[in-house]
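Below is one structure; the comments refer to it alone.
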Amino acid sequence: MGFYLVLVFFLDFFLLVDQDTLALDIHQLSQKDSILIDQRNDYLKKNLFSITADSSLLDMALQTLSAAEILGYQKGVLMADERLGLIYQYTFSNPFKALDYYLQALNLAESHAHLNEYQWGIKGNIATIYYEQEEFKKALDFFREVSDNSAAAELTAILNIGNIYGSLEIYDSAIFYFSKGLEHAQINTNPTQQANLYSNLSLIYSQAGQPEQAITTAEKSLKLVDSLEIDFVKPTAYANAAMAYLGTGDLEKAAALAQESLEYSLIQGNLFIQKSAWGTLSDIYAAEGNFKEALDAYRSFSTLKDSLNNQNRRVEINRKQMAFDFEKERTQAAAEIEKQKLVRKYTLWTGILILTGLLIASYFYMRRRDALTAKKEADFKALVSETELKALRSQMNPHFIFNSLNSIGDYILKNDADAAQDYLSKFGKLMRMVLENSALNEIQLSDDIRFLELYLQVESKRQAGKFTYQINISEDLEPGNILVPPMILQPFIENCIWHAFLGMQEKGLIEINFKKEKDKLLCSVQDNGVGRNNKNSDTEKKSMGVSITESRIKILREQSGFQGELRIIDNTSASGTRVEIILPLHLAF
Amino acid sequence: MTIAIIDDEQHCTDRILAFLKPYQKSSVIVCFDSVDSAIEGLEIHRPDLVFLDVMLGNRTGFEVLSGSEYVDFCLVFTTSYEQYALDAFRFSAIDYLLKPIDREDFLVAFQKATDKMHQKQLKERVDVLMGHISQLPNSKKISLPTKDGFEFLSIQDILRCEAAINYTHVFSKDGKKYTVSKTLKYFEGLLLDFGFFRIHNSHLINLNFIKVYSKSGYVTLSNGLKLEISVRRKDAFVKACESFLKS
């Protein structure tokens, strides 16, 4: 024996209630237009279930939606979205599109404080869709949320939860929720719902094997439908009551109720209940031992069952189609999310790249700026040392002048006017060279040698027969193409002339050599004089020219690129001193 | 031979006279100590050789030259330290002696002066000299002593100079070549302030005639000649070009 009835949905449609439309509108945009939108939404609500196949409602709802969107009238948009969801769910049996609109409405309701209260109705509708699609768990979650939060929709949600537990054959839970529904304050104001509730509860009791309670409950539903003439619930109520009586073995009563149910369902054209009634009747006849009648009833039951099965199959196919569409949409949504993730990722990377680029650019900018600063600093330092060098070079002039004046005085003392004259003109020439050269950083080696020759000529003339000199330039040197600091050897030659040959009997020899050593120019001044150690103590102190030259080389060394060196070597094997100055071989061209 | 010494300082005149002692018998020597007396004296005595001081009191020896009708003599300037004058002498190829005058230098100058060659075209050379002394921004010229005499070139018409050991080939923009027995260094010193630059040991060029500069180290002149720039001169060359373009 089976139970041939299913639970009837509590079709309360969770319609949104908005009593305060006008109050809200005053603070909204253009009064006239928003009122019009509200009126259209109200109209839609009223007509949605009275003329179910009215496709004009869809157009109207879409127009309302776009008008509300243009106006920016959020409540209007929400309402229109919700109406469109209802139209798709019930008129076009397209739960997928319906869900789409519900979700849009829900989004609006949740993101605007003044629309928050509408979310429960929308959630109820969404739950109904899940219930229809037999996604009981999701449906339960939504219904529970609704029943916990919305007083208006609480009862319907509770009853639907009961129904779901019934479908899941969890009878004690179903009974608990139905009982909770019965205790609800609102149940008495809606007798249809109340009758339905009793009827469904009696079925649950029958299924749970509690025939006594089933009968009590069924009687209550029968009383309601009969006294208030609720024709819509009658077939179900009678069928469920028949089931209850069958459960207790009151076959006569059960048969009568089943017959009545059959009659009502025939009038209403409800095949499902007809089938259940025939099934119940067949069971009753069989229990009475009236097998012929039982067989006839069962035949009617089978015929209806087959046609219903076809219908169910269509529903099943439809449901599968829906599920497929859902899955497809979900995949597309996932793809869209993936795409957006990718876009975000690329945006992030582009951002990182740009940032990195900026960092690199600023790094190079800073490096360039630092380099410029460093260059400026270096330039400044160069200028400073340049000035110092110039000062040192010009210091040599008076020093040299006084030495020469001494010589001229010497001639005058000897009363040799002609010699003094000649000496003077040579000295003048020399002075001219000193002045010209000391203005320059570098001069050609050929010019410097010319200067040294003149200087040695002048000095040898002054100390006739005291010394001779020799200037040797190695053949791999091209004096016209080598640049040297001007007059750098002169103080050492002067030292030789004035000190090296003091007290010497034989003729002195000053040998000046220029040699190339790799990329260096080796300049040397060598004498065969008494040497530094044999000098008198009062001449021991450094000559002015030598100390000036030492400073010059030091500064030149500090200037980048110059690697000069000064060496004074005492000749140990023979007598005399050797001074070496190593300069970088600096070519002019 | 008639020799004139024009100097306002007696000791300078005396020194030249001392150097001329060996030639006293074979020459007539006249001395003047002012611009006016010198102009007058030159007309009267028509000397073959004139030693002319640059500074004569608060006037100059150049006034003597511009004031005198007669300039058909060999001219040697004497000067102490007038740098601008020295350059002018060099440009005009007029000989000069620096005071105090060195005996050897004097003898060389005297030797040259007796050579007929050096008496040629003095008028034109004095013009060149005056061009440089006047400090006017007119086209300054240069006297180039060649084998056959002097060539007078506008400095801005010189395209380039090329070293040939102790000689220098001077090329003018119209394609003529003059060979002068002076070193390239001598010309470099003279022409540096006139927009010339020594790009190489053997090349001095007029920056005005650069057509192309390639960073690989070459310049192409307006006549299409491609010359190498010495690696060590590159930076200085670029700097020189910059300051040349600014001026």
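Taken together, the values in this text are just the output of simple stated rules run on the coordinates, not laboratory data. For clarity, every value in this text was computed on a predicted model and none was experimentally measured. Cβ placement follows ideal geometry from the backbone for every residue including glycine, while neighbour counts extend to all protein chains displayed.
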Expressed in nanometres to one decimal, the distance between label points 7 Å along Cα→Cβ at A:ARG567 and A:ASP476 is 1.7 nm
Determine which lysines satisfy two conditions relative to A:LYS253: a Cα distance under 22 Å, and not lying fewer than 8 residues away in the same chain. A:LYS220, A:LYS223, A:LYS234, A:LYS275, A:LYS292
Cleavage-rule hits (GluC sites (Glu not before Pro)) in the range A:197-271: DSSP loop, at most 13 neighbouring Cβ within 10 angstrom: A:GLU229
As a footprinting exposure proxy, order A:TYR73, B:TYR23 by other Cβ within 10 Å, with the fewest listed first. B:TYR23, A:TYR73
Could you list log10 I(q)/I(0) for the range B:2-133 at q = 0.14, 0.22 Å⁻¹, which the Debye formula gives when each Cα is one point scatterer? -0.54, -1.60
Can you tell me the relative contact order of chain A? Whole percent, Cα pairs under 8 Å, sequence separation 6 or more. 7 percent
Among the aspartates and glutamates, select those whose C-alpha is under 18 Å from the C-alpha of B:LYS25, and discard any that sit fewer than 8 residues away in the same chain. B:ASP14, B:ASP48
Can you tell me the 0 to 90 degree angle between the C-alpha axis of helix A:417-438 and the longest principal axis of chain A, rounded to 10? 0 degrees
Pairwise label distance in nanometres, B:ARG59 with A:PHE92, each label 7 Å out on the Cα-Cβ vector: 12.1 nm
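Counting each pair of different Cα atoms once, what's the Kirkwood radius of chain B in Å, rounded to one decimal?
Details: mean 1/r = 0.0510 Å⁻¹.
Over chain B, the inverse of the mean reciprocal pair distance is 19.6 Å.
Pairs B:LYS140/B:LYS185; A:LYS461/A:LYS507; B:LYS185/B:LYS211; A:LYS376/A:LYS518; A:LYS429/B:LYS182; A:LYS426/A:LYS466: which exceed 26 Å Cα-Cα?
Values: B:LYS140/B:LYS185 20 Å; A:LYS461/A:LYS507 14 Å; B:LYS185/B:LYS211 24 Å; A:LYS376/A:LYS518 33 Å; A:LYS429/B:LYS182 21 Å; A:LYS426/A:LYS466 19 Å.
Those over the limit are A:LYS376/A:LYS518.
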Only sites in a loop by DSSP and with at most 16 other Cβ atoms within 10 Å count here; which GluC sites (Glu not before Pro) in the range B:110-212 make the cut? none
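Of all beta bridges DSSP finds with both residues in chain A, what is the antiparallel percent, to the nearest 5? Before the final figure, lay out the partial values.
On the way: 25 of 32 bridges.
So the antiparallel bridges amount to about 80 percent of the total.
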Can you tell me the Rg and Dmax of the protein assembly as shown, counting just the alpha carbons, in angstroms? 62.8, 187
Any residue on another chain or 5+ positions along whose placed amide H is under 5 Å from the amide H of B:ILE29 is listed here as B:ILE3
For the A:GLU453, B:LYS176 Cβ pair and Förster radius 41 Å, calculated FRET efficiency rounded to 0.05 is 0.60
What FRET efficiency comes out for A:LEU359 versus B:GLU242 if R0 is 45 angstrom and r is the Cβ-Cβ distance? Round to the nearest 0.05. 0.85
Taking Cα atoms, how many degrees apart are the long axis of helix A:445-462 and the longest axis of chain A, rounded to 10 and kept between 0 and 90? 30 degrees
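How high is the FRET efficiency between A:ALA287 and A:LYS223 when r is their beta carbon distance and R₀ equals 30 Å, given to the nearest 0.05?
Numbers: r = 26 Å, r/R0 = 0.86.
Given R0 = 30 Å and the Cβ-Cβ separation, E is 0.70.
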Distant-in-sequence amide H partners of A:ILE488 (H built 1.01 Å from N, under 5 Å): none
A:ILE170 versus B:ASP148, label points 7 Å from Cα toward the beta carbon: distance in nm? 13.0 nm
If you fit an axis through the alpha-carbon atoms of helix A:251-268 and take the longest principal axis of the Cα set of chain A, what angle between them do you get, 0 to 90°, nearest 10? 60 degrees
Inter-centroid distance (Cα atoms) of the range A:104-145 relative to the range A:55-86, Å: 18 Å
Quick check: Cα centre of the range A:458-474 to Cα centre of the range B:91-134, how many Å? 32 Å
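Using Stokes-Einstein with the Kirkwood hydrodynamic radius over Cα pairs, what translational diffusion coefficient do you get for the range A:394-503 at 10 °C and a viscosity of 1.306 mPa s, in µm²/s rounded to a whole number?
This corresponds to a translational diffusion coefficient of 107 µm²/s.
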Among the lysines, which fall within straight-line cross-link reach of A:LYS381, defined as a Cα-Cα distance under 21 Å, with same-chain neighbours fewer than 8 residues apart omitted? A:LYS390, A:LYS554, B:LYS239
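Longer than 30 Å from Cα to Cα, which of B:LYS147/B:LYS173; A:LYS520/B:LYS147; A:LYS46/A:LYS305 are they? Say none if no pair is.
In this structure, A:LYS520/B:LYS147; A:LYS46/A:LYS305 exceed 30 Å between Cα atoms.
Could you give the length gained by full extension between B:THR183 and B:ALA18, i.e. 0.36 nm per residue of separation minus their alpha carbon distance, to one decimal place? Please list the in-between numbers first.
Working: separation 165, 0.36 × 165 = 59.40 nm, distance 3.28 nm.
Here the answer is 56.1 nm.
Tell me, in nm to one decimal, what length is gained between A:ILE408 and A:THR303 on full extension, where the rule is 0.36 nm per residue of separation less the Cα-Cα distance? Don't skip to the end; give the middle numbers.
On the way: separation 105, 0.36 × 105 = 37.80 nm, distance 15.39 nm.
22.4 nm is the gain from fully extending A:ILE408 to A:THR303.
Scanning chain A for trypsin sites (Lys or Arg not before Pro) in DSSP loops with at most 14 other Cβ atoms within 10 Å, what's the longest stretch left with none? Don't jump to the answer; show the numbers that get you there.
On the way: sites that count: A:LYS414, A:LYS466, A:LYS507, A:LYS518, A:LYS541, A:LYS542.
In short, A:1-413.
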Is the range B:191-247 rounded, prolate or oblate when judged by the Cα gyration tensor, a ≥ b ≥ c being the square roots of its eigenvalues, rounded requiring a/c under 1.5 and prolate requiring a/b larger than b/c? rounded
